[in-house]
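J.: Please see the structure below; I have some questions.
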Amino acid sequence: MRAIFAFAPLLGRLKGPIVLTVLLSLLTLLAGIGLLGLSGWFLTAAALSTLGSAFNIFAPSAGVRGLSFIRILARYGEKLSGHDMTLRLLSDLRAWLFARLFPLVPLARRFGRGDLVSRLLADVEALDTVFLVALGPISTAVLAGAAMTVALALALPGAALVYALLFFAAVLLVPVGLVLASRAVGSEVVAAGAALRQAVLDGVDGHQDLVLFGATGEAAASAATASARLAQARRRLGLRAALASALVQLLAGGALLGTLVAGFAALEAGTIDGPLLAGLLLAVLASFEASAMLVRSATRLAGAAAAADRLQAIASSAPAVAEPAAPLPIPAGGDMRFEAVRFGYDPQHPVLDGLSFAVRSGECVAITGPSGAGKSTIAQLLLRLADPDAGTVRLNGSDLREMAGPELRQRVALMTQDAPVFLDTIRANLRIGRDNADDGALWHVLEAVHLAEFVRGLPGQLDAVVGEAGRTLSAGQARRICLARTLLSRADIVVFDEPTSGLDAETEAAFLAELPELTRGRTAIVITHAVVPETFDRVLELRAGRLAEVRHH
Ligand SMILES: Nc1ncnc2c1ncn2[C@@H]1O[C@H](COP(=O)(O)OP(=O)(O)O)[C@@H](O)[C@H]1O
Ligand SMILES: [Mg+2]
């Protein structure tokens, strides 16, 4: 629950709309109480007044109409400003969350895709309505209850205490009890929702393979289990909410009864007349409308508390690498050096151990080695996506840990092993490498990766939308888009991790042979399984965590 309050600063900007929403909802409730009270008094008084005797029918009926109008308009305004506030809060929350997500590479490996999607969508939404459904109704109910108590204290003192006790039990004790009783179930609803999303995403991603292996049954069963778990948790939450609602009704009945008993006594004593008592009774009932809203809020609050915890977990998780407090400028050049680097995802089991090698400015070097040897890990360290456990990685003589991350990544570009094509135009996909590249540069680089002809044939050419749900590319074409993007960058050092995977042998050989020319003037480090052409300066082979030079020109 405490985690929810951590988000309170986000509300600062929304003070105005929040106050307006609370005032309008208070007005709605008070108009409702007044409306029912006045109607009760009016009907009773009209019935009791003997036919023909002078009873002013116009003032009360104008009052009823006025109050209905106020109630309609106030409710409309309340919804308007409440939703305006919620939507603004939603966008603030998402911006806040995204700003904290980006430094956390590799993101999906830490949280899991389904879980992350759940956090970004469901958790944020659970949280954004909290203030709308909790803050507003609580303050409204307390204010309305206080007003009603004052009215009773003036008109029917005998009923005021009982009413106040029962009303505040309904709007404070019941919701608090409900929140406490639903805490565990609330987290279970959130966790089960995340598990269901994960199961569905896995099923969608792997759909084809599951069908091919005849394993759809298991996948469906795991989705069904997750779904049943969510339904079960929701039912348990619903049961608690229903019990709380029943309790509120009971308290409302008690308050009504208390008012009635005190009212009859006052009627006999002659301190109150019938119509006023009828009005007060209906007003008492109307005031409990506030507590019905609160039960709904309390149910949501239980889930929101769990959601807030999960969002806080993202916000407070440390980035993989720490930015230096006072980053040093990066010296010019494209000289990269590993000095006795040891690194393991689990430090007890190093992947790289005592790795030393140097790539000089302008060299084109291949790194080969068996799968799982740690080649991609070298690329991660080069870009400082992780820090070595021992030893140093140096760019132009300076330790990477002394540099600002964004500046380093302008100087060193990496095409990862699973670089994505985004659902966007060819142009936008390429410009990730260099954001102001003109069409001439784009066509030039497309020629270099042998894609120009293909793109020329697309409707819209550079404006053609590609990627999932756009024009789907073959694995080789997608790979070459990512290659082109990396070539386009202005980095002094370009690193390619298996750049030719998915390409046919002929294109692969041609591309690798041309690579030294394409990266001329820059340092190129190419991780590959393919036969390395003669045009490369050197070939290093990674074995048992160390690099050995296997070919030198
Ligand atoms: N994120 C990770 N967490 C834990 N272990 C990992 C991770 N990435 C890679 N590894 C392990 O580190 C070793 C080296 O992986 P990697 O550098 O990807 O090898 P290569 O690129 O040479 O095939 C492998 O044993 C792999 O299982
Ligand atoms: Mg690899």
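J.: When you check Leu395 against the structure, is it surrounded by 15 or more Cβ atoms within 10 Å (Cβ to Cβ) and farther than 14 Å from Leu487 by Cα, yes or no? Let's see the steps before the verdict.
T.: Numbers: surrounded by 15 or more Cβ atoms within 10 Å (Cβ to Cβ): yes; farther than 14 Å from Leu487 by Cα: yes.
Yes: the conditions hold for Leu395.
J.: Among the residues of segment 432-454, is there at least one that is closer than 14 Å to Ser489 by Cα, in contact (Cβ under 8 Å) with a residue 12 or more places away in the chain and under 28 Å from the mean Cα position of the chain (by Cα)?
T.: Looking through segment 432-454, at least one residue is closer than 14 Å to Ser489 by Cα, in contact (Cβ under 8 Å) with a residue 12 or more places away in the chain and under 28 Å from the mean Cα position of the chain (by Cα).
Here is a yes/no grid of residues against (1) in the same structural domain as Leu442 (by TED's automatic domain parsing); (2) within 16 Å of ligand 2 (Cβ to nearest atom); (3) open to solvent by less than 50 Å² (accessible area, probe 1.4 Å); (4) at negative phi:
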| site | (1), (2), (3), (4) |
| --- | --- |
| Val494 | yes, no, yes, yes |
| Thr500 | yes, yes, yes, yes |
| Asp504 | yes, no, no, yes |
| Glu508 | yes, no, yes, yes |
| Leu515 | yes, no, yes, yes |
| Val526 | yes, yes, yes, yes |
| Glu534 | yes, no, no, yes |
| Leu540 | yes, yes, yes, yes |
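J.: In segment 236-261, how many are touching a Phe, Trp or Tyr at 6+ places or on another chain (Cβ under 9 Å) and over 23 Å from Arg71 (Cβ atoms)?
T.: 2
J.: So which helices (runs of 4 or more DSSP H) are wholly in segment 367-469 and hold at least 2 residues that are closer than 30 Å to Pro350 by Cα and within 16 Å of ligand 2 (Cβ to nearest atom)? Before the answer, list the steps.
T.: Working: elements: 375-382, 405-411, 426-431, 439-448, 452-456.
Those helices (runs of 4 or more DSSP H) span 375-382.
J.: With the requirement that a residue be more than 17 Å from Thr86 (Cα to Cα), buried (at least 20 other Cβ atoms within 10 Å of the Cβ) and under 23 Å from the mean Cα position of the chain (by Cα), what does segment 1-38 give you?
T.: None - no residue of segment 1-38 is more than 17 Å from Thr86 (Cα to Cα), buried (at least 20 other Cβ atoms within 10 Å of the Cβ) and under 23 Å from the mean Cα position of the chain (by Cα), so the list stays empty.
J.: Right, something else. Please verify whether segment 347-367 includes one or more residues that are open to solvent by 20 Å² or more (accessible area, probe 1.4 Å) and within 31 Å of the chain's Cα centre (by Cα).
T.: no
J.: Condition first: open to solvent by 30 Å² or more (accessible area, probe 1.4 Å), part of a helix (DSSP H, G or I), at pLDDT 75 or above and not charged (D, E, K, R). Can you find one or more residues in segment 111-118 that meet it?
T.: Within segment 111-118, the first condition is being open to solvent by 30 Å² or more (accessible area, probe 1.4 Å), and the residues that meet it are 111, 113, 117.
From what's left, part of a helix (DSSP H, G or I): 111, 113, 117.
Subset that is at pLDDT 75 or above: 117.
After this cut, where a residue has to be not charged (D, E, K, R) as well, the list is 117.
Among the residues of segment 111-118, at least one is open to solvent by 30 Å² or more (accessible area, probe 1.4 Å), part of a helix (DSSP H, G or I), at pLDDT 75 or above and not charged (D, E, K, R), which makes the answer yes.
J.: Right, here's the next one. Just checking, how many residues over segment 173-187 are buried (at least 21 other Cβ atoms within 10 Å of the Cβ) and closer than 24 Å to Arg119 by Cβ? Can you show your working first?
T.: Taking segment 173-187 and keeping what is buried (at least 21 other Cβ atoms within 10 Å of the Cβ), we get 174-175, 178-179, 182, 185-186.
Add one more test, that the residue is closer than 24 Å to Arg119 by Cβ, and what stays is 179, 182, 185-186.
So the answer is 4.
J.: Further question: Quickly run through segment 459-518 and pick out the residues that are within 16 Å of ligand 1 (Cβ to nearest atom) and among the aliphatic types (A, V, I, L, M).
T.: Val495
J.: Something else about it: Taking into account only those residues within segment 316-346 that are within 16 Å of ligand 2 (Cβ to nearest atom) and assigned to a loop (DSSP other than H, G, I, E, B), which is nearest to the chain's Cα centre (by Cα)? It would help to see each step written out before you state the result.
T.: Step one: list which residues in segment 316-346 are within 16 Å of ligand 2 (Cβ to nearest atom), which gives 343-345.
Subsequent filtering for residues that are assigned to a loop (DSSP other than H, G, I, E, B) retains 344-345.
Details: Gly344: 31, Tyr345: 27 Å.
The extreme case among them is Tyr345.
The values are calculated or read from the model by the stated rules, or taken from the named source; none is laboratory data. What you see is a predicted model, and the numbers here were worked out from it, not measured in a lab. Glycine gets a Cβ as well: all are built from the backbone with ideal geometry, and neighbour counts include every protein chain shown. Just so you know, the surface numbers come from the protein's heavy atoms only, side chains and all, with ligands and any DNA or RNA stripped out. Shrake-Rupley method; radii C 1.70, N 1.55, O 1.52, S 1.80 Å.
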